[in-house]
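Engineer: Below: one structure in structure tokens.
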Amino acid sequence: MADDAIFDKKKSHRAKHAGRKAEKKKKKNQVDQSNLSARQRNPKAFAIQSVVRAERQFRRKEDVIAKKQHIPQVDKTPLEPPPIIVAVVGPPRVGKTTLINNLIKSFIKTNVTSTKGPITIVTSKKRRITLIECNNDVNSMIDIAKCADLVLLLCDASFGFEMEIFEFLNICQVHGMPKIMGVLTHLDMIKNAKKLKMTKKTLKHRFWTEVYSGAKLFYLSGIIHGEYLRNEIKNLARFISVMKFRALSWRTTHAYMLADRMEDITNQENIRKDPKVSRDVVLYGYVRGVPLMKESTVHIAGVGDMKINELSYLPDPCPLPSSEKKRHLMERERQIYAPFSGVGGIVYDKDAVYIELKGSHSHKAEDEETNEKKALLKNVVETKETVDEQMQESGFKLFSGGAVIYPSMLKDDEYLQQDRNDEGSSDDSEAGSDSDSDNDSGIDQSEKEVSAKLPWENKSDSEGDDNDMDTEERNDGKEQEGNDSNDEDEESENEEDFGSKWKEKLGEKATMAYFERQKTSKNIMKLVYGEFEVGNKTKAQNQEVSEDESEEEIGGLFKKVTSSQKTKQKHKDQLDIDECSFFYALDKPTIRDWTTEPNKQALINSFVTGKRSADEDAEELLKLDDASDGEDDMYGDFEDLETGEKHEAKETEDDTVEPGSKRKGEPTKSEILDKKLKLKAKFDAEYDNPDDHRIKGDHSYYENLKAEALKQSELNKSVFENLDEGLRVEVEGFRPGLYVRMLFKNMPSEFVTNFDESYPILIGALNMAEQNIGFVSCKVKKHRWYKKILKTNDPLIISLGWRRFQTLPIYSKIEDDLKCRYLKYTPEHVTCNMHFYGPITPQNTGFLALQTVTNSTNEIKQLGFRIAATGSVNEINKSTQIMKKLKLVGTPLKIYKKTAFIKDMFTSTLEVAKFEGARIKTVSGIRGQIKKALNKPEGAFRATFEDKIQMSDIIFCRTWFKVDVTKFYAPVVNLLLPIGNKNAWQGMKTKGQLKREKNIKSEANTDSMYTEIVRQPKVFKPLVIPKNLQKGLPYRFKPKLKQNKISTKNTKENFGERIAVIKSPYEQKVSNVMKMIRTNYEKKKSDQRVATKERISKFKKQKEEEEWRKIKRQKELKKKICRNLSKTSSKKKPQM
């Protein structure tokens, strides 16, 4: 049975792998692949096929990412940034004004008649732009390049790029490259489509060469009805509104402002007396760059350095839509502000209100509403009394038949005064609940309480004065009650004497007025310790009052006072007494006498140096931080390991504490341990990061840099965010984005009288070091497009920082021994050093140089490209060492072998003494040294040489002497010139210019003129060898008698001195026969040459005739063949 059980095994279940059920199970287990990507569905297809190709792709991807990365900068833009300056630059007659008008119409749907000066418009909820047109003047181009954020560079496509465009691009490269977009106009002048396409392509690539590859270039294809095409302008406007800007280094360290409004507030009487009197000018604009401080010195480009006499901020004349609160739905937002162009509506100023009236045709369609507005405006203009006087004289009726009530009657009303006192107490109780809303609205508690006064009260009285007056009025009211019951005539007498009551208690009123001034004045305590108010409740007290109001009320009228509230009230009263310590009065018991010792000590302890409790004292807190883990005490026993001396801690009386008693504020051991554990946990959380041990990619460093910059920008914004506006301006300065008012006194009168709105007014703040004038060392290179080379000490106009000024530069080159060697001219295509006297500017600040800024056509044609040189500041030295090479020339007086006396090099014995030991050299290269001066010829000296010199030698002494930089600094003041000549500023002229203008010819120096030099050939004496020496010489070195060889040439010269040989008769006959034979032979040869020439010419003619006949026969044969071929071909053609 057991064996059967073994073989009786049941068959195991075999799952189906095919069929309907198997497919169902497979579908159930399958993952839904409809949402999966191709890489997830088939990972093998996306696996790396080639390692080299994958590595190449990865490297290219990383290169592209690395090219996009920039060093992250801290974002210093405020929450409400100033408008972006968009400058429209280009040569004359390219359509700058038309483009500005079309952009304004595209953004805000309004037309502007004139486009003078900056025009600020709102383009979106978070962006405003300031459009400004740059006129054709180098000064304006330089100022615009220093402040513009975006430049629209207009070019006439039918003409091409003009010289002004290249000049402006060079100016931008030096002073910080803003964003540049090119705009091509006048494309409709090119009629040929193929030429238009080629022109666009050529100009685009030339523009890319100058700016950067891929720079945006817009095409304005034509003008219809005086406007560009709407779609093209809309496309350009869209690019402007979304453009991102990168901060430039100079602008992130300096505050600046582009003035968009100017007012002259000088007293008219002074102007009437003297039209040339210095003016008081107010300039308005948005602060840009960094916060602007009140006391900073600024430079007005084209005017000079000025000190700000008064600086304050005004409400934004063109606010962003999100920040402006509308009073009603029908009020339209202000979208444009351009005072120089006469656009902007009503302008509120500190001194006056300016209202823009309508045009001359507005009287034609006047309705009832406009007439009413005009009447109201006329009443406001013609008003001669203040509001207080009008309120005193005005009265009103409660009932139609009742008497008229005046403010003077209400002041004496007892019932009304009692109601006012009740209202004052209820207002105090409600102050805490309204504190939050007051803070939201930006109004302080003091302003709320001041505004709660009745309009006919004296506004100058303080609130402390109100309390005193209330008590007096209550007493007066009680006395009046008693008097009213006895006699009614006294009431009328009191009313008559009310006018004399103001004379009572003038001292107390003066004291309270002083308190009021102290409260509103700007002082150091407000800056250091925060906001405080005299006679008012602080913010902390307001919060406590709001907490007290939450207590229960009895019957809805009275409050239940607890003991804690009583103590709080006492503490508040004590604080009020402390805060009123600004004025001493002996008759007031509530004010402390600070001359007593306890009050002195309390005052001393209020400062940082005073004694404090253990939880506030800095020394105690430092002890807590540096305390050990509890094992050893500070300053305990220790042993000096070097000397072996043991030191024990000395217990002082202060350190000994009674058992069971504990010093106030002393931390226990458990508190110290808890604190140390918390610090350790914080340290571990910051530094023990487990993720640091794993390998990270290269992008983590860049991400960390970006995170740090973002964190710093958020911190910068949060520091001053919660401060009061006035306090924030005092501490931080006038931040970028604020619309400020600058008052300048002693401004030249020409600035106002010759004011031209088309020239930009750039006001740049100067740092502390930049206000000084000194010697500046620069690295400079002459521009390769400038035709002339620059000469040392020729006047040069330099644009450096905010300034434009003329100075006298000296060029030099650094030698191997770090010596600055004087150069007369700038080298070609190589940088050199330049020293000049001018404003101290930080290192690496770029500058450009021009020789003239005038716009005369003759000079422009002569110069072509006006930018002479570019460079950057190297260092700032108060003293410069520029050495010039000087060669002193002398001639020999007497020669004694290797010693010689030299004259004409020095003029006195003292000069020779200074140069003793100096090296000298002859023209032939013999070196020597100056020894001692001679007595007789003044300035002559004895010198030794390494070889004997000759009397014809010239001796040189090479020396170096220091060249001083000329202290000349003249700022370019083109804004003070008359309106027509602002582009014709002329500074110092060179001597050559003056001579050319006055037609003065310089006298010729005869020493400098070229003359023909005739030098006699030097005859050397023949070499004479003594006979004794000749005997010892070998034969080849012995002198031999030379015989002249007879040459065929110059026989007369050779035989001129010889004796004539006379021939015999026979010899004469023979020579005559030979001469006849030679003559016959020569004649025969010449005849043969002539005959040969004739025979050759005849043969050539014969050959040409034969050739001509042959060609003629060939032509006739060709004609016959062609004729036969044409006949045969015509026969073969089928007839139609």
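Engineer: In this structure, is F207 assigned to a loop (DSSP other than H, G, I, E, B) and more than 23 Å from the chain's Cα centre (by Cα)?
Structural biologist: no
Engineer: Just to be sure, is A193 free of Cβ contacts under 8 Å to residues at least 40 places away in the same chain and either open to solvent by less than 20 Å² (accessible area, probe 1.4 Å) or more than 23 Å from I240 (Cα to Cα) (or both)?
Structural biologist: yes
Engineer: Ok, one more. Given the residues I180, I171, I108, which is the only one that is open to solvent by less than 30 Å² (accessible area, probe 1.4 Å) and out of contact with any Leu (no Cβ under 8 Å at 6 or more places or on another chain)?
Structural biologist: None of the others qualify; the one that does is I108.
Engineer: Could I ask something else about it? Restricting attention to region 773-788, which residues are among the charged types (D, E, K, R) and closer than 15 Å to P827 by Cβ?
Structural biologist: K779, K781, K782, R784, K788
Engineer: Here is a follow-up. On the basis of being under 30 Å from F166 (Cβ atoms) and out of contact with any Ser or Thr (no Cβ under 6 Å at 6 or more places or on another chain), does A868 make the cut? Full working, then the answer.
Structural biologist: On the way: under 30 Å from F166 (Cβ atoms): yes; out of contact with any Ser or Thr (no Cβ under 6 Å at 6 or more places or on another chain): yes.
Here the answer is yes, as A868 does meet what is asked.
Engineer: Quick one: which residue in V776, V740 is over 30 Å from P82 (Cβ atoms) and of a type in the set (A, V, I, L, M)?
Structural biologist: That would be V776, the only listed residue that is over 30 Å from P82 (Cβ atoms) and of a type in the set (A, V, I, L, M).
Engineer: Between a first residue in region 855-872 that is among the acidic types (D, E) and a second residue that is part of a loop (DSSP other than H, G, I, E, B), which pairs have beta carbons less than 7 Å apart while being 6 or more apart in sequence or on different chains?
Structural biologist: E859/T852
Engineer: Within region 954-973, which residues are part of a strand (DSSP E or B) and either surrounded by fewer than 17 Cβ atoms within 10 Å (Cβ to Cβ) or under 32 Å from the mean Cα position of the chain (by Cα) (or both)?
Structural biologist: Going through region 954-973, the residues part of a strand (DSSP E or B) turn out to be 955-963, 969-971.
Of everything in region 954-973, those that are part of a strand (DSSP E or B) and either surrounded by fewer than 17 Cβ atoms within 10 Å (Cβ to Cβ) or under 32 Å from the mean Cα position of the chain (by Cα) (or both) turn out to be F956, R958, T959, W960, F961, K962, Y969, A970, P971.
Engineer: Given (1) surrounded by 11 or more Cβ atoms within 10 Å (Cβ to Cβ); (2) touching a residue at least 60 places away in the same chain (Cβ under 8 Å), identify the lone condition not met by T113.
Structural biologist: (1)
Engineer: Going through region 279-303 one residue at a time, which ones are under 28 Å from P978 (Cα atoms) and either surrounded by fewer than 16 Cβ atoms within 10 Å (Cβ to Cβ) or touching a helix residue (DSSP H, G or I) at 6+ places or on another chain (Cβ under 9 Å) (or both)?
Structural biologist: Matches in region 279-303: R279, V281, Y284, T297, H299, I300, A301, G302, V303.
Engineer: Residues of region 840-868 being among the charged types (D, E, K, R) and open to solvent by less than 60 Å² (accessible area, probe 1.4 Å), which ones?
Structural biologist: E859, R866
Engineer: Collect the residues in region 1046-1074 that are modelled with pLDDT of 90 or more and of a type outside the set (S, T, N, Q), keeping them in residue-number order.
Structural biologist: The answer is P1065, Y1066, E1067, K1069, V1070, V1073, M1074.
Engineer: Please state which one of Q993, Q986, Q1030 is surrounded by 10 or more Cβ atoms within 10 Å (Cβ to Cβ), polar (S, T, N, Q) and not in a helix (DSSP H, G or I).
Structural biologist: Selected residue: Q986, the only one of Q993, Q986, Q1030 that is surrounded by 10 or more Cβ atoms within 10 Å (Cβ to Cβ), polar (S, T, N, Q) and not in a helix (DSSP H, G or I).
Engineer: Same structure again: Tell me which residues, restricted to region 746-779, are assigned to a loop (DSSP other than H, G, I, E, B) and closer than 22 Å to I132 by Cβ.
Structural biologist: N754, F755, D756, E757, S758, Y759, P760, I761
Engineer: Restrict the check to region 882-903 and report whether at least one residue is without any contact (Cβ under 8 Å) to a residue 12 or more places away in the chain and surrounded by fewer than 18 Cβ atoms within 10 Å (Cβ to Cβ).
Structural biologist: Yes, some residue in region 882-903 is without any contact (Cβ under 8 Å) to a residue 12 or more places away in the chain and surrounded by fewer than 18 Cβ atoms within 10 Å (Cβ to Cβ).
Engineer: I've got another one for you. Take region 8-32 and flag every residue that is open to solvent by less than 100 Å² (accessible area, probe 1.4 Å) and over 24 Å from N42 (Cβ atoms).
Structural biologist: S12, A15, A18, G19
The values are calculated or read from the model by the stated rules, or taken from the named source; none is laboratory data. What you see is a predicted model, and the numbers here were worked out from it, not measured in a lab. Positions of Cβ are backbone-derived with ideal geometry, glycine not excepted, and every protein chain shown enters the neighbour counts. Note: accessible area is taken over every heavy atom of the protein model, side chains too, but ligands, DNA and RNA are not part of it. Shrake-Rupley method; radii C 1.70, N 1.55, O 1.52, S 1.80 Å.
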